[in-house]
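The values are calculated or read from the model by the stated rules, or taken from the named source; none is laboratory data. Treat the numbers as computed from the prediction; the structure is a model and nothing was measured. Virtual Cβ from ideal backbone geometry, glycine too; neighbours counted across all protein chains shown. Accessible surface is based on the protein model in full, side chains and every heavy atom, while ligands, DNA and RNA are left aside. Shrake-Rupley method; radii C 1.70, N 1.55, O 1.52, S 1.80 Å.
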Amino acid sequence: MATLTHNIRTTLEMIKIEHTLFALPFAFLGAVLAARGRPGGWQIVWITVAMVGARTTAMAFNRIADSDYDARNPRTKMRALPTGNLSAGFVWVFILVSASIFFLAAAMLNRLTLMLSPIALASIMLYSYTKRWTLLSHLILGWCLAIAPTGAWIAVRGAIDSPIPLLLSLVVMLWTAGFDVLYACQDYDFDRHERLHSIPAQFGIARSLWISRLLHAGAFAALVALYFLTNLGLLAVVGVIGTGGLLVYQHTLVRADDLSRLNAAFFTTNAFVSLILFLTFGGAVLWKI
């Protein structure tokens with residue numbers, strides 16, 4: 001029992017379960033916008049279960065897929081699989097259990113959610129291999145996180161009957177791709193050596209920082225469009241301004257010749273972006289009830 005508890009705890013640490021905060025507020029926001037208020041209690045529960053199940057499946061599968069690369073990368077060689085702290089067999093069991101939980105949650109929401117769930121799960125698992133063959137891996141990761149708000153909208157309404165969730169998903173996709181380009185800068189040398197496809201490996205760090213800024217500018221433009229489409233008032237304006245400020249601040253933390261503050265740019269500011277948008281746009285919806 002102690003070994004099982006240790007393995008589960010180590011697996012959760014390996015997949016950084018706390019980073020579910022990046023996408024979960026967007027799923028809740030999609031649900032609130034779809035319900036035009038507070039979704040049903042069981043809808044909230046099963047959306048949360050689905051999000052956690054999908055993300056744990058994706059991250060654990062990513063660690064399996066990248067285990068050989070992680071073992072050779074100085075930044076990741078101390079992860080649980082390369083060091084032997086976890087066995088691949090245990091992680092595979094964890095993946096199957098997490099995927100089953102995800103499908104159960106999708107089934108408990110509605111028929112369309114269940115029908116689309118294999119596409120969602122295939123997308124987030126396919127991402128693990130994209131750096132092997134395309135520069136678009138950053139946008140594909142964005143697509144994976146962008147599933148959350150539209151998926152939650154479908155979970156509440158059973159249909160995509162508005163452009164609102166699609167525009168919110170566009171915000172998430174461009175925002176995610178932008179910060180993933182930043183994050184990939186720290187693996188510039190390794191990616192080039194291993195002939196992995198990433199924007200920093202192809203264009204260099206300085207140009208990649210500008211590409212990240214352009215992606216975030218696109219995310220901000222989509223967010224402004226979302227505001228005008230939803231017309232949620234002053235509180236949502238605060239969210240737009242706050243998000244724009246955080247995006248700008250994030251880019252002041254990194255320079256082509258100094259990536260020492262990259263973790264602060266990646267983890268801290270990005271967790272706040274999703275939370276701020278949920279509190280402001282979601283709060284504006286609830287305020288109108």
Where only alpha carbons of region 151-279 are counted, the Rg and the Dmax (Å): 16.3, 50
Rh (Kirkwood; distinct C-alpha pairs) - region 49-169, Å: 15.4
Accessible area per residue in Å² at 1.4 Å probe, computed on the chain: 47
Listed candidates (1) 29.4, 114; (2) 20.2, 60; (3) 18.9, 56 - label of the one calculated as Rg and Dmax of the Cα atoms in Å: (3)
Area of His251 that stays accessible when all protein chains are in place (1.4 Å probe, Å², to 10): 30
Span from the region 40-113 Cα centroid across to the region 122-158 one, whole angstrom: 14
Label-point separation in nm, Thr252 to Trp42, each point 7 Å along Cα→Cβ: 4.9
Helix runs (DSSP H) in the chain reaching 20 Å along axis by Cα, Kyte-Doolittle at least 1.0: 88-109, 111-130, 137-157, 164-184, 205-230, 234-252
Rounded percent of accessible protein surface that carbon and sulfur make up, region 171-244, 1.4 Å probe: 65
Sorted largest first, extent of region 34-110 alpha carbons per principal axis (Å): 49, 23, 16
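If Lys and Arg each add +1 and Asp and Glu each add -1, what is the summed charge of the other residues whose beta carbon sits under 10 Å from the beta carbon of Thr76?
With Lys, Arg at +1 and Asp, Glu at -1, the net is +2.
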Global geometry of region 210-261, whether rounded, prolate or oblate, following the gyration tensor of its Cα atoms and the 1.5 cut on a/c: oblate
Where Leu141, Leu275 fall by accessible area, highest first, once all protein chains stay in place (1.4 Å): Leu275, Leu141
Region 85-133: C-alpha gyration tensor shape, a/c 1.5 cut-off, then a/b vs b/c: oblate
Relative contact order, percent, region 78-161 [alpha-carbon distance under 8 Å, six or more residues apart]: 27
